[in-house]
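**Q** First the structure, which I've put down as structure tokens, then a few questions once you've had a look.
Just so you know, all these numbers are worked out from the coordinates, no wet-lab data involved. Small disclaimer: the values here were computed from a predicted structure and weren't measured. Cβ placement follows ideal geometry from the backbone for every residue including glycine, while neighbour counts extend to all protein chains displayed.
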Amino acid sequence: MPSSAPAPRGRYAPSPTGEIHLGNAATALFAWLSVRAAGGALVLRMEDLDRPRVRSGAAERILADLAWLGLDWDEGPDRGGPHAPYEQSRRRAEYEAAFERLRAAGRVYPCFCSRRDVAASASAPQDPADEVRYPGTCRHLDPEEAERRLAAGRPGAFRFRVDEGDDPPFDDLVLGRLRLGTPGDFVVRRADGTPAYQLAVVVDDAAMGITEAVRGSDLLSSTPRQILLYRALGLSPPVFGHVPLLLGPDGVRLSKRHAGTSLAEMRDAGLAPERVVGWIARLAGLRPDDRPIAARDLVAGFSLRTLSASPSAVRIAEPNSF
Ligand code: GLU
């Protein structure tokens, strides 16, 4: 590494909603390899704001699975560090403060639409995320009327106002220069008062000094939204790298619905971590074959640019078919 380049600070930010599976493991491996190859530090952050989806014990199991895979981190819930706490559920005051700044600056407005209302507006143009783009119904609500509804106890989410033409380009470490189009107004605080992912992740990445955010390409469409939030809060964004997703035999992104693909199942089936790493390395095009290899032996010369940009398809019949 040239001595002039500051060492990157990367992060891996799992949601403790279940077991870590091969797809999550691949993302974690790439985030780890990228910072380790550049002599940087990795932060492990638990994204546990979605309380109904959080599973008891899942956070501990994720840390154990990642360590089993051969990864390590410099700061995290189990190690502490200068930016503790590393669990989002314990950082709500920070999100609230950022939200209040956005509100004071007139960047957010209350929205009383239900999911169903938004879905019903399907005739509205699709946004780049292929989600139904929020049609802006509540953007034009008289502010006094909105205040009256909130005061009367009607639950309201808050959306960030995105102006036409707000489509920031960015240089993705894997995919190159991208410009995805103007996103719709998006939720930064849910109707139950929970900070939304988009706001929490920006507040945390900035507070934790993250310079490199590597994550699955399912989150690609979040990036322009997050860049707009950085700007609105006067913060500088990290560089982003969106790594390929692994797909199951059905062509659908790997998830806990695919039996036999969790690290715990693989470990219990007697697979060595080097086997799993070797397999991910081949799927991602890092190596021509899937011979076992330790994660640390992939560090030298690793670059996110070498990852193929298209999703890899994984065919798994049985755990022991690896
Ligand atoms: N917590 C998110 C997830 O598990 C990742 C967020 C991010 O990397 O920006 O999908």
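**Q** Can you give the extra length, in nm with one decimal, that the chain gains between residue 116 and residue 191 once fully stretched, where that is 0.36 nm per residue apart less the Cα-Cα distance? Don't jump to the answer; show the numbers that get you there.
**A** On the way: separation 75, 0.36 × 75 = 27.00 nm, distance 1.44 nm.
Taking residue 116 through residue 191 to full extension adds about 25.6 nm, to one decimal.
**Q** For the peptides 78-86, 213-221, 198-206, what is the packing order when you average, over each peptide's residues, the other Cβ atoms within 10 Å and list the highest mean first? Please list the in-between numbers first.
**A** Values: 78-86: 14.2, 213-221: 19.9, 198-206: 23.3.
The most tightly packed comes first, giving 198-206, 213-221, 78-86.
**Q** Run the helix sum for the chain: -39,500 (n - 2.57) per DSSP H stretch of 4+ residues, divided by residue count, reported at 222 nm to the nearest 500 deg cm²/dmol.
**A** Numbers: 9 runs with 95 residues, N = 322.
So the calculated ellipticity at 222 nm is -9000 deg cm²/dmol.
**Q** Please compute the length gained on full extension between residue 178 and residue 104, using 0.36 nm multiplied by the number of residues separating them and subtracting their Cα-Cα distance. The partial results should precede the final answer.
**A** On the way: separation 74, 0.36 × 74 = 26.64 nm, distance 3.13 nm.
Answer, rounded to one decimal: 23.5 nm.
**Q** State the three equivalent ellipsoid semi-axes of the range 1-122, derived from the C-alpha gyration tensor as the square roots of 5 times its eigenvalues, in descending order and whole Å.
**A** Working: eigenvalues 190, 86, 49 Å².
For the range 1-122, the semi-axes come out at 31, 21, 16 Å.
**Q** Using only Cα atoms, what is the ratio of the radius of gyration of the chain to 2.2 N^0.38 Å? Don't jump to the answer; show the numbers that get you there.
**A** Working: Rg = 20.5 Å, N = 322, 2.2 N^0.38 = 19.7 Å.
Ratio of Rg to 2.2 N^0.38 Å for the chain: 1.04.
**Q** Let me ask something else about it. Points 7 angstrom from Cα along the Cβ direction at residue 152 and residue 282: gap in nanometres?
**A** 6.4
**Q** Quick one: work out Rg over Rh on the C-alpha atoms of the range 65-207, Rh as Kirkwood radius. Please report the intermediate quantities before stating the final value.
**A** On the way: Rg = 18.2 Å, Rh = 17.6 Å.
Result for the range 65-207 is an Rg/Rh of 1.03.
**Q** Same structure, new question: Once the Cβ-Cβ distance between residue 67 and residue 207 is put in as r, and R0 is 30 Å, what FRET efficiency do you end up with, to the nearest 0.05?
**A** Details: r = 25 Å, r/R0 = 0.84.
According to the calculation, E is roughly 0.75.
**Q** Report, in whole Å, the centroid distance computed from the Cα atoms of the range 33-66 and the range 156-202.
**A** A separation of 22 Å, based on Cα centres.
**Q** Compute the angle between helix 22-37 and the longest alpha-carbon principal axis of the chain, please, reported from 0 to 90 degrees and rounded to the nearest 10.
**A** So the helix axis and the longest Cα principal axis differ by about 80 degrees.
**Q** Would you grab the residues whose amide H sits under 5 Å from the one on residue 189? Only those 5+ places off in sequence or on another chain, please, with H modelled 1.01 Å from N.
**A** The list, which skips near neighbours in sequence, is 158, 196.
**Q** Right, next: Using alpha carbons only, how many degrees (0 to 90, rounded to 10) separate the axis of helix 273-283 from the longest principal axis of the chain?
**A** The angle comes out at about 70 degrees.
**Q** Could you give me the radius of gyration and the Dmax of the range 188-250, taking only the C-alpha atoms into account and expressing both in angstrom?
**A** 13.3, 44
**Q** Further, regarding this structure: Name the chymotrypsin sites (Phe, Trp or Tyr not before Pro) in the range 223-299 that are in a loop by DSSP and that have at most 14 other C-beta atoms within 10 Å, would you?
**A** Details: sites: 230, 240, 279; in loops: none.
Listed in order of number, the matching sites amount to none.
**Q** Pull the list of the chain cysteines that no other Cys approaches to under 4.7 Å, Cβ to Cβ.
**A** 113
**Q** Same structure again: Put one equal scatterer on each alpha carbon of the range 38-85, apply the Debye formula with no solvent term, and list log10 I(q)/I(0) at q = 0.29, 0.32, 0.33 1/Å to two decimals.
**A** Listed by q, the Debye log ratios stand at -1.18, -1.24, -1.25.
**Q** Could you work out the relative contact order of the chain, using alpha carbon pairs under 8 angstrom and six or more residues apart, expressed as a whole percent?
**A** On the way: 561 pairs, mean separation 67.1, N = 322.
It comes to 21 percent, rounded to a whole number.
**Q** Take the Cβ-Cβ distance between residue 90 and residue 289 as r, set R0 to 35 Å, and report the resulting FRET efficiency rounded to the nearest 0.05.
**A** Numbers: r = 44 Å, r/R0 = 1.25.
That pair, residue 90 with residue 289, gives E of 0.20.
**Q** Separate question: Could you tell me how far the Cα centroid of the range 204-232 sits from the Cα centroid of the range 264-311, in Å?
**A** 26
**Q** Using a simple spin-label model with points 7 Å from Cα along the Cα→Cβ vector, what separation in nm is obtained for residue 7 and residue 255?
**A** 3.8
**Q** Taking amide hydrogens as modeled 1.01 Å from N in the peptide plane, which residues meet the under 5 Å criterion relative to residue 239, leaving out close sequence neighbours?
**A** Amide H neighbours of residue 239: 212, 213.
**Q** Over the range 1-121, what is the relative contact order in whole percent, taking alpha-carbon pairs under 8 Å and six or more residues apart? Walk me through the intermediate numbers first.
**A** On the way: 129 pairs, mean separation 29.8, N = 121.
That works out to 25 percent.
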